[in-house]
Amino acid sequence: MSFRPARLLRLGLPAALVASSLVVLTGSSGSAAQPKPYYPKFNGHRSAAAEFEPNTVVVKFKPKATSSARKAAVSKHGATAEDPVAANVVKLKSDVPAPDLLKKLKADPAVELASLNYKRYMSATPNDDYYATDQRSSLSTVRVPEAWDLTKSTGNQIVAVLDTGVDAGHPDLVGHLVPGYNAVSSTRPNPVDDNGHGTMTLGIIAAGANNGIGVAGVGWNVKAMPVKVLDSNGAGYDADIAEGIDWAVAHGAKVINMSLGGPGDNAVLHDAVKRAYAKGVVVVVAAGNDGNDVVQYPAAYPEAIAVGATNAGGALTSFSSYGDWVDVAAPGWNLLSTGSRALTPPEYEPYWYCTGTSCSAPVVTGIAALVKNKWPTLTAAQVAQRLKVLARDAGPRGIDPYFGHGIVDAYAALGGRWTTDFPMNPPDGNDEPSRAVHLTTSSSLTQISTEGEVDWYKWTATTADKLVVSAKGSEFNCIYSSNFGPQIDVYDGNLRSLAHASAPYPTTPVDPDTGCQEPDFPTATVKVPMTGSVIYIAVRNANGSRDTRRYSLSVQPTTSVDAASGTDYPVQDVQPAGSSSTAAVTAHPSVTFARDVEGVSASTVRLVNGKTGSTVGATVAYDAASRKAVITPTVPLLDATAYRIVVNGVREAGGAALAPYSSVFSTADVAPRAVGSFDGSGLYLAANLSWKVPAMSDLDQVIVRRNVGSRAPTISTGTLVYAGTGSAVKDTGLAQSTTYTYGAWVKDRAGKVSPIAATQLLGMKSGIRLTSTLVSYGGAVTVRGSTLRIDNVAYAGLPVNVYVRPKTSSKFTLLAALKTSSTGTVSVTHKPLVSSVYMLTFPGNGDLMGTRTPDVTVQVRPTISAVLSPSSIRLGGTTAFSGYVAPAHYGHPVYLQQYGNKVWRSIASVKLSTSGKYAFGIRPAVRGQIAYRVFFPGDADHAPVYTVNKILTIS
């Protein structure tokens, strides 16, 4: 009989209001359910990046620094002290950016410590009565409290809970429900919970957070839609479930939780799930509580997110169903939630402990709703992918049948920074027959320390021809989240199966206080023939979980044997060893088969990435004499990465199919390789930097820093330019005529740092001058410029652009695109029509910084002609002073000026005609000679100008 663990909540079966499946809290029992103290309300929002006051640095001066030295340090760096300099902590403010001020202060001899003035936030801690005592540890496993610092709303993302209904009047759910539906009964439209299971699962998602009572739902502030698809016994049919899915989708549900399931694929149910999925609805389903690998539906449908259950420490529970169809895991052991008031005895409060994958699925549902609200345009597939890719690895490294992609990480899923994976217990070294522990006595004590682990033993020390092999577990009790159910397989020397057995399900009486069966010590026993000189024994936990409590294994003579059973084992050895974490990136994994085989190829013996499941490019060579297949990857493996060796499709010699096989190992975590192709391109006051991130699976960030001058920075010195996971950055705010040297490093999640990759951009300087700053209209000016390295080295052929703009405009246009001479000079001649401004730029290149000259201005004065005719007149006669201005300035005044008493004074004015002409009539009142001229006062486009002086003789 297959071993089956204690069931605390059966999916698709009664939610069982018995002590074995829930614990109710009383407000008068003196227990943890007594009214809790009121917790102050905390609200906060934490940025994913560190925040600091932009122009402030906090310093601690050295104790021996004098008051004058402290004041000198403050003034020297252009700062002001907001606190007395004698204080332990002094806040300094300045006009420069805080990181620049910090760098200067750290180098000051009077300063002991200096730091940016970082901003801190309160962590989001709800004030619900039972949060701190009964919820925090489990929700912290999936980093929900940190996620609440990023968001506390599911917005309009309605969450439908397809279950046994809800107690709609529960005080912790009031205000968090939208109208629901009863798919079980057409005569009772309201989804009233007559079982209790639905109120529990819905409360995990939607119980009001921070309302001062009860518990906090994962979604903090959720609109939940109760849809009753299960009856009072906790059972329901696929037709009702499919109807409930369609109704929920039609009425606006964006996320669906189904804490239900069972074996048996139903195409109609699957079609309903696919319809919801096609409309962007995220479907989350409990994986099941059978504690075995029997496929559960609807969890196994690819459109659904199947959720396994762990305890608060991240260990798989022994009841959680497992298989390749499990996507993620979440806590599902003793989660406190809302309970139906009608089904709660009057002396108790309506809060029940929930245990089962029924309870882990709502945790994921609440997180999915938060993600969907933050990014409403994400498809159901994208939400699922985000939850899976950002999950924290647990158990065997990479994707595995127990945790799927890992334990969900709410904070990372909502954009927060990653954290470490859950640790894996080290391998015990007897993972395959080649490393089997040689039993020399009749008993051995050991443990199953990792989910899915197999312990191998070899027995040779006997003359008996029949043996009884027994594996006995520690105390089996449902008060433990994980229990050991021994399963043993015995093989002959060629690893042909002799016998298979699992410990029977405990049948001891039920303890009325705990609802658990009385403690038992399950034992699996087989009787086998000693067919050769050696037998192999494999011990597993039938439910796949780990148990740090020890089990015992014994081998004794017997007089009879069991009928042969089980499956032949395919492999004698695998390298690297299973669950090892020190494989070299240059490793060539290998599989040594237990017997002669055929059909070995790159398609039947594969290496796959343990995290992504993608096949690694490789060739496979098989040596029939040694039965060894060697996998040679086409490129080196990634460091700190899980890989899985997969054997499927190989045949026994003679044609019988060999049992499928897989083994996981991880490469050693070594320092990352340097970034590739690190290069810079100089600009004016900026630089573009780019690089190639080396292939790796544990990238934390690429760090780029810079130094002024030719010395490369270190990982902790210089100015930080970039820290992130991208491959390019634009560094702005740089100075002209300055050389910059950049360094780039790769840091992995273990804190290891790559060698430096460096690049340098040399500082350049440019000059500009004009042959004249004043020219007449129609005249030319020559613009001469130079572009040199700051140490006066010239480069021939550099592209230099000369720009010009009217003095009255702010927009430059390109005048000429030139190349520097061997001396670094350029020149261009230009005839400006109006007063103009010139400047010269060198845009920079892959080695040199860009430059820009100051603006230089040339004034353009108009051409103005003058004719005095006649130049001699008699007293009382008249003459004319006429001419034109080019370019014409229609309507612009010009002034006739007369010289006398050593000064010029204006005596008349006229406006220029459309052609720029003017004319003055002159009738002098005295005899003699008088000097005249015409003055054009200038405007925004042109400079002032005078005509030549004209002498009029009056006789």
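Could you go through segment 246-256 and let me know if any residue there is within 30 Å of the chain's Cα centre (by Cα), surrounded by fewer than 24 Cβ atoms within 10 Å (Cβ to Cβ) and free of Cβ contacts under 8 Å to residues at least 12 places away in the same chain.
Checked segment 246-256: no residue is within 30 Å of the chain's Cα centre (by Cα), surrounded by fewer than 24 Cβ atoms within 10 Å (Cβ to Cβ) and free of Cβ contacts under 8 Å to residues at least 12 places away in the same chain.
Could you identify the single residue in Leu8, Leu25, Leu102 that is among the aliphatic types (A, V, I, L, M) and at pLDDT 85 or above?
Values: Leu8 fails: at pLDDT 85 or above; Leu25 fails: at pLDDT 85 or above.
It is Leu102.
I need the full set of residues from segment 601-651 which are touching a residue at least 60 places away in the same chain (Cβ under 8 Å), charged (D, E, K, R) and not in a loop (DSSP other than H, G, I, E, B), in order please.
Answer for segment 601-651, where residues must be touching a residue at least 60 places away in the same chain (Cβ under 8 Å), charged (D, E, K, R) and not in a loop (DSSP other than H, G, I, E, B): just Arg644.
Quick one: count up the residues across segment 641-668 that are out of contact with any Asp or Glu (no Cβ under 6 Å at 6 or more places or on another chain) and either under 30 Å from Trp691 (Cα atoms) or not aliphatic (A, V, I, L, M) (or both).
Step one: list which residues in segment 641-668 are out of contact with any Asp or Glu (no Cβ under 6 Å at 6 or more places or on another chain), which gives 641-650, 652, 654-657, 659-666, 668.
Keeping just the survivors that are either under 30 Å from Trp691 (Cα atoms) or not aliphatic (A, V, I, L, M) (or both) gives 641-644, 648-649, 652, 654-655, 660-663, 665-666, 668.
Looking only at that region, the number is 16.
Of the conditions (1) closer than 22 Å to Leu848 by Cβ; (2) crowded, with 19+ Cβ neighbours inside 10 Å, Ser754 satisfies every one except a single condition; which number is it?
Tallying (1) closer than 22 Å to Leu848 by Cβ; (2) crowded, with 19+ Cβ neighbours inside 10 Å, Ser754 fails exactly one: (1).
All but one of (1) at pLDDT 90 or above; (2) surrounded by fewer than 18 Cβ atoms within 10 Å (Cβ to Cβ) hold for Trp459, so report the exception by its number.
All conditions are met except number (2).
For segment 920-936, how many residues meet the condition of being exposed (fewer than 15 other Cβ atoms within 10 Å of the Cβ) and out of contact with any Gly (no Cβ under 8 Å at 6 or more places or on another chain)?
Applying the first criterion (exposed (fewer than 15 other Cβ atoms within 10 Å of the Cβ)) to segment 920-936 yields 921, 923, 925-929, 931.
Next cut, out of contact with any Gly (no Cβ under 8 Å at 6 or more places or on another chain) only: 921, 925-929, 931.
So the answer is 7.
May I ask you to verify whether Val647 is buried (at least 19 other Cβ atoms within 10 Å of the Cβ) and either at pLDDT 95 or above or not assigned by TED's automatic domain parsing to the domain that holds Gln385 (or both)?
Working: buried (at least 19 other Cβ atoms within 10 Å of the Cβ): yes; either at pLDDT 95 or above or not assigned by TED's automatic domain parsing to the domain that holds Gln385 (or both): yes.
Yes: the conditions hold for Val647.
To keep it simple, each residue is scored yes or no on (1) assigned by TED's automatic domain parsing to the domain that holds Val454; (2) under 26 Å from Thr462 (Cα atoms); (3) surrounded by fewer than 17 Cβ atoms within 10 Å (Cβ to Cβ); (4) of a type in the set (A, V, I, L, M).
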{"site": "Ala563", "(1), (2), (3), (4)": "no, yes, yes, yes"}
{"site": "Ala583", "(1), (2), (3), (4)": "no, no, no, yes"}
{"site": "Thr586", "(1), (2), (3), (4)": "no, no, yes, no"}
{"site": "Val591", "(1), (2), (3), (4)": "no, no, no, yes"}
{"site": "Val597", "(1), (2), (3), (4)": "no, no, no, yes"}
{"site": "Arg606", "(1), (2), (3), (4)": "no, no, no, no"}
{"site": "Gly610", "(1), (2), (3), (4)": "no, no, no, no"}
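Just need a number here: residues in segment 615-664 that are closer than 17 Å to Asp698 by Cβ and of a type in the set (Gly, Ala, Ser).
2
Can you pull out every residue in segment 612-623 that is farther than 16 Å from Ala587 by Cα and surrounded by fewer than 13 Cβ atoms within 10 Å (Cβ to Cβ)?
Of everything in segment 612-623, those that are farther than 16 Å from Ala587 by Cα and surrounded by fewer than 13 Cβ atoms within 10 Å (Cβ to Cβ) turn out to be Ser614, Asp623.
Which of the residues that make up segment 478-504 are modelled with pLDDT under 85 and surrounded by 17 or more Cβ atoms within 10 Å (Cβ to Cβ)? Before you say what the answer is, go through the steps one by one.
Keep residues of segment 478-504 that are modelled with pLDDT under 85, which gives 478-479, 504.
Of everything in segment 478-504, just one residue is modelled with pLDDT under 85 and surrounded by 17 or more Cβ atoms within 10 Å (Cβ to Cβ), namely Cys478.
Just to verify a result, which residue in segment 147-197, among those that are touching a Phe, Trp or Tyr at 6+ places or on another chain (Cβ under 8 Å) and under 19 Å from Ala253 (Cβ atoms), is surrounded by the fewest Cβ atoms within 10 Å (Cβ to Cβ)?
Among residues in segment 147-197 that are touching a Phe, Trp or Tyr at 6+ places or on another chain (Cβ under 8 Å) and under 19 Å from Ala253 (Cβ atoms), the one surrounded by the fewest Cβ atoms within 10 Å (Cβ to Cβ) is Pro189.
Would you mind finding the one in Ala671, Ala659 that is touching a residue at least 60 places away in the same chain (Cβ under 8 Å), outside the structural domain of Asp748 (by TED's automatic domain parsing), in a loop (DSSP other than H, G, I, E, B) and under 26 Å from the mean Cα position of the chain (by Cα)?
Details: Ala659 fails: under 26 Å from the mean Cα position of the chain (by Cα).
Selected residue: Ala671, the only one of Ala671, Ala659 that is touching a residue at least 60 places away in the same chain (Cβ under 8 Å), outside the structural domain of Asp748 (by TED's automatic domain parsing), in a loop (DSSP other than H, G, I, E, B) and under 26 Å from the mean Cα position of the chain (by Cα).
Give segment 338-356 a look and list any residue that's in a loop (DSSP other than H, G, I, E, B) and either of a type in the set (Val, Ile, Thr) or within 16 Å of the chain's Cα centre (by Cα) (or both), or say none. Working first, answer last.
The first filter runs over segment 338-356 and keeps only residues in a loop (DSSP other than H, G, I, E, B), leaving 339-348, 355-356.
Passing the criteria: Thr344, Thr355.
So, in segment 730-788, exactly how many residues are outside any strand (DSSP E or B), over 53 Å from the mean Cα position of the chain (by Cα) and among the β-branched types (Val, Ile, Thr)?
Taking segment 730-788 and keeping what is outside any strand (DSSP E or B), we get 733-739, 749-752, 754-756, 763, 771-773, 777-780.
If we keep only those that are over 53 Å from the mean Cα position of the chain (by Cα) as well, we get 771-773, 777-780.
Next cut, among the β-branched types (Val, Ile, Thr) only: 771, 773.
Count: 2.
Give the residue that is farthest from Tyr569 (Cα to Cα), with candidates limited to residues of segment 376-433 that are of a type in the set (Val, Ile, Thr) and surrounded by fewer than 17 Cβ atoms within 10 Å (Cβ to Cβ).
Kept after step one, since they are of a type in the set (Val, Ile, Thr), are these residues of segment 376-433: 377, 379, 383, 389, 399, 407-408, 419-420.
Remaining after also requiring surrounded by fewer than 17 Cβ atoms within 10 Å (Cβ to Cβ): 377, 379, 389, 419-420.
Details: Thr377: 48, Thr379: 43, Val389: 33, Thr419: 38, Thr420: 35 Å.
Across segment 376-433, the extreme among qualifying residues is Thr377.
Given the criterion over 30 Å from Phe936 (Cβ atoms), out of contact with any strand residue (DSSP E or B) (no Cβ under 7 Å at 6 or more places or on another chain) and in contact (Cβ under 8 Å) with a residue 24 or more places away in the chain, identify the matching residue among Gly733, Gly767.
Values: Gly767 fails: out of contact with any strand residue (DSSP E or B) (no Cβ under 7 Å at 6 or more places or on another chain).
After applying the criteria, what remains is Gly733.
Being of a type outside the set (Gly, Ala, Ser), in contact (Cβ under 8 Å) with a residue 40 or more places away in the chain, in a loop (DSSP other than H, G, I, E, B) and surrounded by fewer than 24 Cβ atoms within 10 Å (Cβ to Cβ) is the filter here, so list the residues in segment 525-556 that pass it. Don't jump to the end; show me each part of the working.
Filtering segment 525-556 down to residues of a type outside the set (Gly, Ala, Ser) leaves 525-531, 534-537, 539-541, 543, 546-551, 553, 555-556.
Checking the rest, the ones that are also in contact (Cβ under 8 Å) with a residue 40 or more places away in the chain come to 525-530, 534-537, 539-541, 543, 546-551, 553, 555-556.
Subsequent filtering for residues that are in a loop (DSSP other than H, G, I, E, B) retains 530, 534, 543, 546.
Passing the criteria: Met530, Val534, Arg546.
The values are calculated or read from the model by the stated rules, or taken from the named source; none is laboratory data. Just so it is clear, the model here is predicted, and its values are computed rather than measured. So basically every Cβ, Gly included, is an ideal-geometry build from the backbone, and we count neighbours across all protein chains shown.
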